[in-house]
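Asks: Before I ask anything, here is the structure I am working with.
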Amino acid sequence: MILNIIFRFFGKRRLLGNLYQNIRGGTPRAIGLIPFILLSLFLPQGYNNLVLIIGIFAFIDDLLGRVKIFNLSIEWGQLSRGIGMLLVMAVGYPIMGWSAILVALMVQPLNISDMQPGSTCSVVLIMSVIVSLLMILTGVQPISELPAFYTPILIIAVCLGYAPLDYSGKIMLGEVGNHSFAIALGIAFYMLGGFWWTLIFFIITTILIAFIRRNSLNRFLTTKLKIYNPTPGDYFMDVLTGGGLGDILRKLILKNNQITVTNTVLILLGFRRLLYNPYAPNNKQHFSNDISLNTKSLRKF
């Protein structure tokens, strides 16, 4: 609440740059600094460094905003975020092995969830409660001399302190906030049961975000990308691969090509969104509004 007051005071005087967004009458961004600080201080030793790393680079992303790197298609903020994710993988590997990659990739779906007030908090609270209950029921051993459920309970406590103003749309986590929660959640998933539990809960989290944001994703896919009658698969793929980093990968892989998906099964699985290339001259996955998704319309992909 104090940081909200401070940010509003300076933001209204145009002294905060990208940290104060001109939406909903003026909204402070990067109030997630507080969750970032708390999680990086109080998570178990070693794991807290992963939040510290991603939070620093995410805050740089918040500060710089959408500024292109010279004439390249990538932004300085995206580059900073990417470096942070790679460092999380590198520093986390000795602790978690290959799970460190999944933990770092949690940044993507949580970043997409933060485009709607309260959605990130809902996801963080739901998944943390589920993980803490499973830890208690399965009897996960203590970690760093602390009960295993300490980590998801800490995440819940930090999120509850932030949530009220977020649900009302008065503040924004910013990249520093949603990235910090993403890494903390990934760590909790790993503590529950290693790589496979991390993978399973990574997928469940992505599905949950797609469900919570389904209405706004429907509007975005229909009006912006011209993907008519989007399927749940399209929502899932947007949460999993949407945003700047996903588009850069599509640019590198597809170059200027746009692959049109017509196979019904692949449409249901979300391949129209997965293969949508914003850099292609003909980048539209056009289908008429009365497209019928049935087996009679199957065509080769």
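The values are calculated or read from the model by the stated rules, or taken from the named source; none is laboratory data. What you see is a predicted model; the values in this text were computed from it and never measured. A quick note on method: Cβ atoms are made from the backbone with ideal geometry, for glycine too, and the neighbour counts reach across all protein chains shown.
Asks: Regarding residue 211, is this residue outside the structural domain of residue 270 (by TED's automatic domain parsing), surrounded by fewer than 21 Cβ atoms within 10 Å (Cβ to Cβ) and either among the aromatic types (Phe, Trp, Tyr) or without any contact (Cβ under 8 Å) to a residue 24 or more places away in the chain (or both)? So that I can check it myself, show each step before the final result.
Replies: Working: outside the structural domain of residue 270 (by TED's automatic domain parsing): yes; surrounded by fewer than 21 Cβ atoms within 10 Å (Cβ to Cβ): yes; either among the aromatic types (Phe, Trp, Tyr) or without any contact (Cβ under 8 Å) to a residue 24 or more places away in the chain (or both): yes.
So residue 211 passes the test.
Asks: Output the number of the condition that residue 193 fails; it satisfies all remaining conditions of (1) in contact with a Phe, Trp or Tyr (Cβ under 7 Å, 6 or more places away or on another chain); (2) farther than 26 Å from residue 79 by Cβ; (3) not hydrophobic (A, V, I, L, M, F, W, C).
Replies: (1)
Asks: Now, a different point. With respect to residue 221, determine if the residue is of a type in the set (A, V, I, L, M), under 19 Å from residue 114 (Cβ atoms), more than 13 Å from the chain's Cα centre (by Cα) and not assigned by TED's automatic domain parsing to the domain that holds residue 87.
Replies: Numbers: of a type in the set (A, V, I, L, M): yes; under 19 Å from residue 114 (Cβ atoms): yes; more than 13 Å from the chain's Cα centre (by Cα): yes; not assigned by TED's automatic domain parsing to the domain that holds residue 87: yes.
Judged against the criteria, residue 221 is a match.
Asks: Right, here's the next one. Is it fair to say residue 236 is of a type in the set (A, V, I, L, M, F, W, C), assigned to a helix (DSSP H, G or I) and either under 27 Å from residue 38 (Cα atoms) or at pLDDT below 95 (or both)?
Replies: Against the criterion (of a type in the set (A, V, I, L, M, F, W, C), assigned to a helix (DSSP H, G or I) and either under 27 Å from residue 38 (Cα atoms) or at pLDDT below 95 (or both)), residue 236 does not qualify.
Asks: Could you tell me which residue of the stretch 1-59 is modelled with the lowest pLDDT, considering only residues that are β-branched (Val, Ile, Thr) and exposed (fewer than 14 other Cβ atoms within 10 Å of the Cβ)? Working first, answer last.
Replies: The first filter runs over the stretch 1-59 and keeps only residues β-branched (Val, Ile, Thr), leaving 2, 5-6, 23, 27, 31, 34, 37, 51, 53-54, 56.
Cutting the leftovers down to exposed (fewer than 14 other Cβ atoms within 10 Å of the Cβ) gives us 2, 5-6, 23.
On the way: 2: 89, 5: 89, 6: 90, 23: 80.
Checked the stretch 1-59; the qualifying residue modelled with the lowest pLDDT is 23.
Per-residue answers, yes or no, for (1) out of contact with any Pro (no Cβ under 6 Å at 6 or more places or on another chain); (2) under 30 Å from residue 110 (Cβ atoms); (3) modelled with pLDDT under 85; (4) small (Gly, Ala, Ser):
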{"site": "250", "(1), (2), (3), (4)": "yes, yes, no, no"}
{"site": "264", "(1), (2), (3), (4)": "yes, no, no, no"}
{"site": "277", "(1), (2), (3), (4)": "yes, yes, no, no"}
{"site": "288", "(1), (2), (3), (4)": "yes, no, yes, yes"}
{"site": "300", "(1), (2), (3), (4)": "yes, no, yes, no"}
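Asks: (1) under 17 Å from residue 50 (Cα atoms); (2) exposed (fewer than 14 other Cβ atoms within 10 Å of the Cβ): which one isn't true of residue 188, the others all being true?
Replies: (2)
Asks: Within the stretch 78-123, take every residue that is assigned to a loop (DSSP other than H, G, I, E, B), under 12 Å from the mean Cα position of the chain (by Cα) and hydrophobic (A, V, I, L, M, F, W, C) and give me the one that is surrounded by the most Cβ atoms within 10 Å (Cβ to Cβ). Step through it out loud before you land on a result.
Replies: Just the residues of the stretch 78-123 that are assigned to a loop (DSSP other than H, G, I, E, B), to begin with: 97-98, 106, 114-118.
Still in the list and also under 12 Å from the mean Cα position of the chain (by Cα): 106, 114-116.
Remaining after also requiring hydrophobic (A, V, I, L, M, F, W, C): 106, 115.
Working: 106: 27, 115: 16.
It comes out as 106.
Asks: So, one more: Taking the condition over 22 Å from residue 8 (Cβ atoms) and among the aliphatic types (A, V, I, L, M), does residue 134 pass?
Replies: Working: over 22 Å from residue 8 (Cβ atoms): yes; among the aliphatic types (A, V, I, L, M): yes.
In short, yes.
Asks: Yes or no: residue 58 outside any helix (DSSP H, G or I) and either aliphatic (A, V, I, L, M) or not assigned by TED's automatic domain parsing to the domain that holds residue 251 (or both)? Quick ask: steps written out before the conclusion?
Replies: Numbers: outside any helix (DSSP H, G or I): no; either aliphatic (A, V, I, L, M) or not assigned by TED's automatic domain parsing to the domain that holds residue 251 (or both): yes.
No; evaluated as a whole, the condition is false for this residue.
Asks: So, in the stretch 154-195, exactly how many residues are touching a residue at least 12 places away in the same chain (Cβ under 8 Å) and more than 21 Å from residue 99 (Cβ to Cβ)?
Replies: Step one: of the stretch 154-195, the residues touching a residue at least 12 places away in the same chain (Cβ under 8 Å) are 154-156, 158-163, 165-195.
Adding the requirement that they be more than 21 Å from residue 99 (Cβ to Cβ) leaves 156, 158-163, 165-177.
Result for the stretch 154-195: 20.
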